[in-house]
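The values are calculated or read from the model by the stated rules, or taken from the named source; none is laboratory data. None of these values were measured; they are calculated from a predicted model. All Cβ positions, glycine included, derive from the backbone under ideal geometry; neighbour counts span all protein chains shown.
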Ligand code: ADP
Ligand code: TRP
């Protein structure tokens with residue numbers, strides 16, 4: 001069975017893009033693989049969140065994960081900071097990582113541009129910590145979006161470099177988990193092609209949004225005055241509404257509005273009402289579980305304690321082996 005690992009930074013609630021782009025696939029993945037899903041709270045410290053925000057964000061991501069269907073009986077769900085082995089491996093790996101290569105990482109250069117007043121060492125060493133997350137479990141596969149491909153490539157470099165340096169074949173080289181056709185990009189409500197909380201909060205529908213919030217957001221989505229001739233291509237904002245519909249609505253519903261568009265008789269108000277109702281219906285079971293879990297701290301605590309134990313059982317032997325290979329031994 002493949003070991004598959006994925007981490008997410010706790011920066012807020014999860015939205016429909018996270019669900020269709022990643023979470024939905026994780027739910028299938030956990031059936032056939034030995035999966036590790038963790039909340040990367042150490043990584044999120046690079047942006048200096050307020051302590052209270054960090055705590056609630058971690059809790060909310062955990063709740064969203066469980067509500068969407070990640071099963072702690074099948075997969076290992078844990079919080080990064082509950083696995084201190086990661087810190088030790090990160091430190092050990094860092095001795096064979098060069099400052100120059102870290103400075104050339106695109107995500108680092110992007111951060112330097114975006115937050116020139118907070119270019120902290122954690123940002124520079126981000127890829128080492130991420131490599132440690134992966135290598136500590138000796139994971140085979142990591143599902144990654146485009147923005148994380150370079151980090152995974154570096155993980156392979158660091159692993160190979162360790163093997164070469166010490167003349168061992170210890171680390172396997174993790175590869176990207178390929179979802180094939182299953183990868184869907186969910187557009188934003190603001191006319192942008194990607195729903196993204198880091199780009200624009202207003203583009204997002206969160207799994208934890210109440211039905212009336214979903215309705216309000218959808219009704220405010222960008223549209224125009226409608227097509228004027230049959231067969232006219234759809235502007236991006238309109239195409240976005242159709243894409244959202246394709247994700248959550250019945251085929252007949254999509255077909256109906258496609259026909260209305262082609263006949264130039266489409267009423268966007270009606271379309272949005274339908275879309276809001278379909279998103280709400282789709283999300284209802286997840287939303288109900290979110291409300292339940294919010295009041296059940298005891299269960300959440302059990303889940304993360306059990307997750308930490310399982311993660312530790314997987315990670316501890318790696319750190320023990322690596323110390324031995326490096327020559328850190330008790331007399
Ligand atoms: P955001 O852009 O909102 O900050 P993240 O970068 O935290 O989102 O997303 C975590 C994961 O969720 C990504 O690696 C990606 O796989 C998935 N994802 C995010 N937004 C979308 C989207 N609009 N469509 C499809 N997948 C998405
Ligand atoms: N860097 C990832 C992101 O920003 C989160 C992450 C941290 C991660 N460690 C990981 C993802 C290990 C996969 C594997 O989305």
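For the range 152-180, name all the residues that are farther than 19 Å from residue 6 by Cβ and either outside the structural domain of residue 102 (by TED's automatic domain parsing) or in contact (Cβ under 8 Å) with a residue 60 or more places away in the chain (or both). 161, 162, 165, 166, 168, 170, listed by residue number.
Restricting attention to the range 180-220, and to residues there that are under 22 Å from the mean Cα position of the chain (by Cα) and part of a helix (DSSP H, G or I), which single residue is farthest from ligand 1 (Cβ to nearest atom)? By that ranking, first place goes to 214. Residue-level check: of (1) farther than 25 Å from residue 321 by Cβ; (2) surrounded by fewer than 16 Cβ atoms within 10 Å (Cβ to Cβ); (3) in contact (Cβ under 8 Å) with a residue 24 or more places away in the chain; (4) within 14 Å of ligand 2 (Cβ to nearest atom), residue 219 misses just (4). The condition of being part of a helix (DSSP H, G or I) and either in the same structural domain as residue 214 (by TED's automatic domain parsing) or in contact with a helix residue (DSSP H, G or I) (Cβ under 6 Å, 6 or more places away or on another chain) (or both) holds for only one of 281, 313, that being 281. For residue 52, the conditions (1) within 16 Å of ligand 1 (Cβ to nearest atom); (2) within 30 Å of residue 284 (Cα to Cα); (3) surrounded by fewer than 19 Cβ atoms within 10 Å (Cβ to Cβ) all hold with the exception of (1). Among the residues of this structure, residue 228 counts as one that is over 20 Å from residue 193 (Cα atoms) and without any contact (Cβ under 8 Å) to a residue 60 or more places away in the chain. Filtered by the rule that a residue be closer than 19 Å to residue 283 by Cα and not in a helix (DSSP H, G or I), the range 221-247 gives a lone residue, 221. Of the residues making up the range 222-238, not a single one is within 16 Å of ligand 1 (Cβ to nearest atom) and within 29 Å of residue 70 (Cα to Cα). Among the numbered criteria (1) in contact (Cβ under 8 Å) with a residue 12 or more places away in the chain; (2) within 20 Å of the chain's Cα centre (by Cα); (3) exposed (fewer than 15 other Cβ atoms within 10 Å of the Cβ); (4) under 15 Å from residue 46 (Cβ atoms), which single criterion is violated by residue 106? Single failed check for residue 106: (4).
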